[in-house]
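Structure first, commentary second.
Read-outs: derived from the displayed coordinates by stated rules, not from any lab. What you see is a predicted model; the values in this text were computed from it and never measured. Positions of Cβ are backbone-derived with ideal geometry, glycine not excepted, and every protein chain shown enters the neighbour counts.
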Amino acid sequence: MIKNFYKIVFPGWLVSEGQTDRLVKRRIYLEIKYEDKKLSISGTIGENKYGYAYTCGQIYDNIDPRKVENTIEYTNDWNKDYLVGLINIWHKYHLNDLNANCEHQDYMEWTYHTQSNRKTYKGKHCPVCGYSIGSKWLHRDVPESALEFLRFLPSYKLGTPWHRGTQYDMNINDERQLI
Ligand SMILES: [Zn+2]
């Protein structure tokens, strides 16, 4: 079983046009944390030492190679397949303890928004297990294969401008090689 881990990855640069038609390259840093069975992933584009970034947080749409074709320049040990794999996991399992629907409702593509009463706010019951959508946050384990994939991805071993990797005092294994 995969234990807690924490890592920063630097897949590459987002390349976009600057104000004077010059190309601007901004670094993409992603932070992956798995602790007590919870997965959280977040990222920054163009973070700087003054605490600012071009954008940050749940930025997967900004860096999805399927959506922003030809605007990502990869570092030597990264490529498009790695980034697509990471984004798919990110999208599916980020904050996996915050699911409003059960897995059956997932299969049926129910969301609380479409499957709840507008007046009472009560969610429709699952025909399989009876769970009322949106009535609590359900935990869903992240599959081992997804964790393996995240562990496999090349880490960034230096500190980022925001000094991430240094302010955490988690009980982490050898994955934590950041300065
Ligand atoms: Zn169900």
(Q) Report the rotationally averaged projected area of the chain based on its alpha-carbon convex hull, in square nanometres. (A) 13.3
Q.
Suppose the chain between ASN76 and ASN99 were pulled fully straight at 0.36 nm per residue; how much longer would it get relative to their current alpha carbon spacing?
A. 4.7 nm
Q. Taking a 25 Å limit on the Cα-Cα distance, which of the listed pairs LYS25/LYS80; LYS49/LYS157; LYS3/LYS49 fall beyond it?
A. LYS3/LYS49
Q) In the calculated pair distance distribution of the stretch 98-138, what percentage of Cα-Cα distances lie above 16 Å? A) 20
**Q.** Angle between the chain longest axis and helix 80-93 axis [Cα atoms, degrees, rounded to 10]
**A.** 30
Q) Where does each of ARG118, ARG66 land when they are ranked from fewest to most other beta-carbon atoms within 10 angstrom? A) ARG118, ARG66
Q) Can you give the net charge of the other residues whose Cβ lies under 14 Å from the Cβ of PRO161, counting K and R as +1 and D and E as -1? A) +2
Q) What is the set of long-range amide H partners of GLY12 at a cut-off below 5 Å, with H atoms built 1.01 Å from backbone N? A) ILE28, THR75
Q) By counting other Cβ atoms within 10 Å of each Cβ, how are GLU73, GLU31 ranked from fewest to most? A) GLU73, GLU31
Q) Tell me, which longest segment in the chain has none of the chymotrypsin sites (Phe, Trp or Tyr not before Pro) that fall in DSSP loops with at most 16 further Cβ atoms within 10 Å? A) 53-111
Q: For LYS124, go through the lysines and keep the ones whose alpha-carbon is under 24 Å away, minus same-chain ones fewer than eight residues off.
A: LYS92, LYS136
Q.
Using Cβ contacts closer than 10 Å as the measure, can you line up VAL142, VAL68 from fewest to most?
A. VAL68, VAL142
(Q) Quick check for you: which residues of the stretch 125-163 have the amide N under 15 Å from the point 7 Å beyond the Cα of LYS49 toward its beta carbon? (A) 159-163
Q) In deg cm²/dmol, rounded to 500, what helix-only [θ] at 222 nm does the chain give when every DSSP H run of at least 4 residues adds -39500 (n - 2.57) and the total is split over its residues? A) -5000 deg cm²/dmol
Q: Find the centroid of the Cα atoms in the stretch 107-153 and in the stretch 1-40, then give the distance between the two in whole Å.
A: 26
